[in-house]
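Notes to accompany the following structure.
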Amino acid sequence: MTLLGLPLPGSRRGRFFAPGRRRRRWFDGVDKLLWWIPLGMIFVAGILIASTQRQAGYADWYQHWITAAVGLGIALLLARVPVESITRWPWVIYGAMVASLIAVRVVGVSALGAQSWINIAGFHVQPSEFAKVGAILLLARVLGRHPVERPVDLLRPVAIIGLPWLLVLVQPDLGSSLVFGAVLLVMMFWSGMPGAWVLLFISPVVSAIVAGVLPWLLIAWIPAMGYLAWKSLPWKRLAPLVVVAIEAVFALATPFLWNNFLQPHQRDRLTLFLDPNKDPLGGGYHLLQSTVGIGSGGLFGTGLMQGHLTLLRFIPEQHTDFIFSALGEETGFLGATLVVVGFVVWIWRLLQIAGKARSDVESLVVVGIGAMVMFQVVVNINMTIGLGPITGIPLPWLSYGRSAMLVNFIALGLCASVARRAGAGTGRW
């Protein structure tokens, strides 16, 4: 039926135009808080990127928004697909992940000292970014069926993630390899691994760092780890001896490896954040300019598109890894704090969704994504304010990068799918 050529509400075509009908079904169960926080950050990021590239005449800001629009479409589609239907093909995920990382070694494109990209139709794609989500889906499948409840259960997830981690590390992409490790630990803990085992898992790295900074602390640290092994591991006699031996090997080998295998510029990259004035025009330049920019923002900032250091491009790669410095300069302490609070609220929402998930696999996927995002946020912000070394980890939703942006939206779509199936959406926001 028609009236003046328009479909009436009672007709089949009219149902599409009627409010509250089929169109609303697409948004049923949507967790608005889960979506609005990233979308708000992306909008602000576009302005910040335009500010950092304004004098150079680059157009990365609108590419940031275009990539976000494509990613949003992907996320909306994934939100309609049950996560477990994707994780039914674990070896397909694993094969695609490993094959793409091997392809980087064969036909990859080098930039900024790393061979991490593949040129596809004029676009530089970074497989290590997509491998993060692939690793999360694969680990969720494995840990959902075989949770870490005994020491022997550690072997399966560690062995599975070991090859992709190594392929990323040799690119070299230290930042992404650290993300793999953080995701693995958090997901194993969520699956049932005792917290004491998490500490034992990372304790050799701590021993190596302590050996180079405060070696006298090893007198207390190594026996403490032996005692923790005796209390938490099943083999009361053997476990403490093995743990103490591993700690001692890492502590003793670190000075030798540091002095004989790392080049001077590699050592500087890991330690210059402690005193960037040692090389103010070289390795410490990024950090010094970043901290000056953040400090110049004061409480309220200079205003969007008004940051002097940002507009004059004193900070290299500010639109990517150092976007937080532009945020601090142009929006001040209040704006930077608001973004940090937004990330905390978003992660808290993920934990709520994970707790309501309908299956262990779905819960693990959400927790793994939360670990990936939170680790990148902590490392990136610490890097820009001088509390950590420069690792090349982008700030989710804010840093310019097409591969990273698409991966963030894929992750968002997976979380939205779990939230929809768990009934965790809320209309209060």
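The values are calculated or read from the model by the stated rules, or taken from the named source; none is laboratory data. The model shown is predicted, which means the values in this text are computed figures rather than measured ones. We place every Cβ from the backbone using ideal geometry, glycine too, and count neighbours over all the protein chains shown.
Quick look at the numbers
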| item | result |
| --- | --- |
| Residues located in region 143-179, provided they are in contact (Cβ under 8 Å) with a residue 40 or more places away in the chain and buried (at least 21 other Cβ atoms within 10 Å of the Cβ) | Leu143, Val148, Pro164, Leu167, Val168, Gln171, Asp173, Gly175, Ser176, Val179 |
| Verdict on Gly293 being in a loop (DSSP other than H, G, I, E, B) and either free of Cβ contacts under 8 Å to residues at least 60 places away in the same chain or among the hydrophobic types (A, V, I, L, M, F, W, C) (or both) | no |
| Hits in region 81-99 - residues which are modelled with pLDDT of 90 or more and part of a loop (DSSP other than H, G, I, E, B) | Val81, Pro82 |
| Flag if Ser207 is of a type in the set (S, T, N, Q), crowded, with 17+ Cβ neighbours inside 10 Å, under 27 Å from Leu48 (Cβ atoms) and within 28 Å of the chain's Cα centre (by Cα) | no |
| Qualifying positions in region 136-176 - over 21 Å from Trp89 (Cα atoms) and touching a Ser or Thr at 6+ places or on another chain (Cβ under 6 Å) | Val148, Val168, Leu169, Gln171, Asp173, Leu174, Gly175, Ser176 |
| Qualifying positions in region 302-338 - buried (at least 24 other Cβ atoms within 10 Å of the Cβ) and either among the charged types (D, E, K, R) or at positive phi (or both) | Asp321, Glu329, Glu330 |
| Residue within region 155-170 that is in contact with a strand residue (DSSP E or B) (Cβ under 9 Å, 6 or more places away or on another chain), within 30 Å of Val109 (Cβ to Cβ) and assigned to a helix (DSSP H, G or I) present | yes |
| Which listed residue, of Ile369, Ile410, Ile393, is part of a helix (DSSP H, G or I) and surrounded by 24 or more Cβ atoms within 10 Å (Cβ to Cβ) | Ile369 |
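Conditions (1) touching a Leu at 6+ places or on another chain (Cβ under 8 Å); (2) modelled with pLDDT under 90; (3) among the charged types (D, E, K, R); (4) not in a loop (DSSP other than H, G, I, E, B), marked per residue:
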site	(1), (2), (3), (4)
Thr302	no, yes, no, no
Ile315	yes, yes, no, no
Thr331	yes, yes, no, yes
Val344	no, no, no, yes
Trp348	no, no, no, yes
Val361	no, no, no, yes
Val365	yes, no, no, yes
Phe375	yes, no, no, yes
Ile381	yes, no, no, yes
